[in-house]
1. Under the √(5λ) rule applied to the eigenvalues of the Cα gyration tensor, what semi-axes describe the equivalent ellipsoid of the chain? Give them in Å, descending.
2. Mind listing the long-range amide H neighbours of Glu42? Cut-off is under 5 Å, sequence gap 5 or more, other chains count too, H placed in the peptide plane at 1.01 Å from N.
3. Restricting attention to region 25-100, which trypsin sites (Lys or Arg not before Pro) occupy a DSSP loop and are surrounded by at most 10 other Cβ atoms within 10 Å?
4. Label-point separation (nm) for Ile14 and Arg65, each offset 7 Å from Cα along Cα-to-Cβ?
5. Could you calculate the FRET efficiency of Ile77 with Arg33 from 1/(1 + (r/R0)^6), where r is the beta carbon distance between them and R0 is 30 Å, rounded to 0.05?
6. Which far-off residues, 5 or more places away or on another chain, put their amide H under 5 Å from the one on Phe58, with H placed in the peptide plane?
7. Suppose only helical runs count, i.e. DSSP H with n ≥ 4. What mean residue ellipticity at 222 nm does that imply for the chain under -39500 (n - 2.57) per run, divided by all residues and rounded to the nearest 500 deg cm²/dmol?
8. Sequence gap at least 6, Cα distance under 8 Å: using those rules, report the relative contact order of the chain to the nearest whole percent.
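The values are calculated or read from the model by the stated rules, or taken from the named source; none is laboratory data. Not measured: the values here are computed from a predicted model. Don't worry about glycine lacking a Cβ; one is built from the backbone with ideal geometry, like all the others, and counts go over all protein chains shown. Side chains included, ligands, DNA and RNA excluded: accessible areas come from the protein's heavy atoms. Shrake-Rupley method; radii C 1.70, N 1.55, O 1.52, S 1.80 Å.
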Amino acid sequence: MILNVPFIADLQSIQDRRQKIVNQNLRRQNIRRFDYDYRVDELVLIRLPNPMKLQEHFTGPYTIRQVHTNGTVTIQIRENIIQRINIRRIKPLHSTLHRH
């Protein structure tokens with residue numbers, strides 16, 4: 001049944017509720033992150049997208065050639081091949097060696 005009743009939405013309360021959810025999600029994600037400053041000539045591993053169960057999850061090690069201020073680094077894949085990659089896709093090599 002369709003009634004001819006005007007609907008009045010409180011847009012401010014809807015926006016406030018959505019912003020509260022966004023802030024909670026950001027807080028939850030930031031707790032899982034660790035603060036690390038990458039340096040030139042440091043070895044890193046690259047996270048592979050969607051690995052199978054028994055497949056390797058990382059590839060590398062690769063050497064960092066340049067660190068950029070926008071959250072990316074330039075790594076050297078091979079002799080004449082370099083790639084610019086986001087720091088969320090890499091992992092420092094030493095953190096995997098000390099894990100028990």
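1. Details: eigenvalues 383, 56, 47 Å².
In descending order, the three semi-axes are 44, 17, 15 Å.
2. Ile64
3. Answer by residue number: Arg33, Arg39, Lys53, Arg99.
4. With each label point 7 Å from Cα toward Cβ, the separation is 5.0 nm.
5. Values: r = 25 Å, r/R0 = 0.85.
For R0 = 30 Å, the calculated efficiency reads 0.75.
6. The list, which skips near neighbours in sequence, is Leu48.
7. On the way: 2 runs with 27 residues, N = 100.
Helix contribution divided over all residues of the chain: -8500 deg cm²/dmol.
8. On the way: 101 pairs, mean separation 20.1, N = 100.
Dividing the mean separation by the residue count of the chain yields 20 percent.
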